[in-house]
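Notes to accompany the following structure.
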Amino acid sequence: MRLCRFLSVVLVLLAMALPSLAVQPDEVLKDPVLEARARSLSAGLRCMVCQNQSIDDSNADLARDLRILVRERLQAGDTDAEVLDYVVARYGEFVLLRPRFSWGNALLWLTPAILLLAGIGYAFSRSRAHNRQRAQELSDDEQARLRQILQETEH
């Protein structure tokens, strides 16, 4: 039993270490400041092959190419924004794990809120209409009493 627990702990630790193996030693920049910037940028870029991993966590060849591209742009003197703009220009905004808010994608960001408000408004109006309709309906006893009152007022 203890051996089984030990092996499961070792397997979990190895699985957690796998993403850190994605960046190869030959990719790492000698300048620690540039390397930190490269890691920060690549953590926000999506691997186009894996799609739910950053290029920093992916072992795919395309992710490696993108990591190298980011490091080359940083060594060329680009700012972080310029590197991101360059990568987005080449691969589209889908490459960003956290898409930018722009008027082009505002509808995508706002649609859930608009639908929620529309649903609340619809439910509220239906409820009010239903309550008004119920208020206008009279029971048989109420209708008989109303007829009696109307007859008394006519005489």
On the basis of being over 26 Å from the mean Cα position of the chain (by Cα), at pLDDT 90 or above, farther than 30 Å from Val28 by Cβ and outside the structural domain of Val28 (by TED's automatic domain parsing), does Arg134 make the cut? no
State all residues of segment 80-114 that are among the small types (Gly, Ala, Ser) and either over 29 Å from Arg67 (Cβ atoms) or assigned to a helix (DSSP H, G or I) (or both); if no residue qualifies, say none. Ala81, Ala89, Ala106, Ala113
Filter pass, Arg126 being more than 30 Å from Ser40 (Cα to Cα) and either assigned to a helix (DSSP H, G or I) or in contact with a strand residue (DSSP E or B) (Cβ under 6 Å, 6 or more places away or on another chain) (or both): yes
Filter segment 12-54 down to the residues that are surrounded by 10 or more Cβ atoms within 10 Å (Cβ to Cβ), at pLDDT 65 or above and more than 20 Å from Asp65 (Cβ to Cβ), then identify the one that is nearest to the chain's Cα centre (by Cα). Ala36
All but one of (1) farther than 24 Å from Val28 by Cα; (2) surrounded by 15 or more Cβ atoms within 10 Å (Cβ to Cβ) hold for Val70, so report the exception by its number. (1)
So, in segment 80-96, how many residues would count as being over 21 Å from the mean Cα position of the chain (by Cα) and in contact (Cβ under 8 Å) with a residue 40 or more places away in the chain? 2
In this structure, does Arg145 turn out to be among the basic types (Lys, Arg) and either under 19 Å from Arg46 (Cα atoms) or modelled with pLDDT of 90 or more (or both)? no
When you scan segment 95-112, do you find a residue that is surrounded by fewer than 10 Cβ atoms within 10 Å (Cβ to Cβ), more than 30 Å from Leu41 (Cβ to Cβ) and aliphatic (A, V, I, L, M), even just one? no
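The values are calculated or read from the model by the stated rules, or taken from the named source; none is laboratory data. Only a predicted model underlies this, so the values are computations on that prediction, with no experimental measurement involved. FYI the Cβ positions are ideal-geometry reconstructions off the backbone, even for glycines, and counts take in every protein chain you see.
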